[in-house]
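Would you mind keeping the following structure in view while I ask a few things?
Each reported figure results from applying straightforward, stated rules to the coordinates on display, with no laboratory input. Just so you know, these numbers come straight off a predicted model, no measurement behind them. Cβ sites come from the backbone with ideal geometry, for glycine too, and all protein chains shown count toward neighbours.
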Amino acid sequence: MSRYSSYPSYKPFKLQPLAEFISSSIELTALKDSIRQVAVLKTVLQTILPSYLGRHVNVCPIQRQVLTIFAAHNALAVRLHHWEPTMLTELQQQNFVLRAIKIRVYPQGRTTTAAQIKQARVSAAGADSLRKLADELHSSPLQKAVARMAQQHMQYSNC
């Protein structure tokens, strides 16, 4: 008798097709059905709505007979509210069990970027004029600021 005999024996891992794996779980089957429903709903909405509206919306799976549509921005949401009765009727005619449509704003594709620092560019003649002005001013905070500006723009104009 081996000292390892008390451990359970493990069967080698068996690969199975994805469809079979999804079918083995109720939750995964429900997820697959929801994904399929969203794809069908989006396709149907794109046929109902004008193209300028249809390509900027996303949908959620139908829950409690309510379809939630996400608009990319407020103006689009307002336009979709005008289309709400038409969408509801068309979807019901295509055998979707719906009693209402909710439209929510969900901005898409926006990324937060740091504001770019604006840098003024002054020509060589402008930088020379700033230097002359700094030379003519009395020693003061203004004279120092103008001299610093002239120096910075002289560096940029030499590039």
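Once amide H atoms are built 1.01 Å from N in the peptide plane, which residues 5 or more positions from THR68, or in another chain, come under 5 Å H to H?
Hits under the 5 Å cutoff: CYS60, GLN63, LYS102.
Would you mind ranking PHE21, PHE96 by Cβ crowding within 10 Å, fewest neighbours first? Can you show the working numbers first?
Numbers: PHE21 11, PHE96 16.
With the fewest neighbours first, PHE21, PHE96 line up as PHE21, PHE96.
At a Cα cut-off below 16 Å, give the aspartates and glutamates reachable from LYS102, other chains included and same-chain residues fewer than 8 away excluded.
Once the sequence-local aspartates and glutamates are set aside, what remains near LYS102 is GLU84, GLU90.
Compute the projected area of the convex hull of the Cα atoms of the stretch 19-105, averaged over all viewing directions, and report it in nm² to one decimal place.
Averaged projected area of the stretch 19-105's Cα convex hull equals 6.0 nm².
Then there's this: When the Karplus curve 6.51 cos²θ - 1.76 cosθ + 1.60 is applied with θ = phi - 60°, which whole-Hz ³J(HN,Hα) does each residue of the stretch 69-78 get, with x for Gly and Pro?
10, 9, 9, 6, 7, 4, 4, 5, 4, 4
Right, something else. Apply 1/(1 + (r/R0)^6) to the Cβ-Cβ distance of ILE26 and GLN46, taking R0 = 35 Å, and write down the FRET efficiency to the nearest 0.05.
0.70
For the pair ALA145/ARG36, report the inter-label distance in nm, with labels modelled 7 Å from Cα in the Cβ direction.
7.0 nm
Within 10 Å of each residue's Cβ, count the other Cβ atoms and sort HIS73, HIS82, HIS153, HIS138 from fewest upward.
Lowest to highest Cβ neighbour count: HIS138, HIS82, HIS73, HIS153.
Between SER129 and HIS82, 0.36 nm times their residue separation minus their Cα-Cα distance comes to what?
10.9 nm
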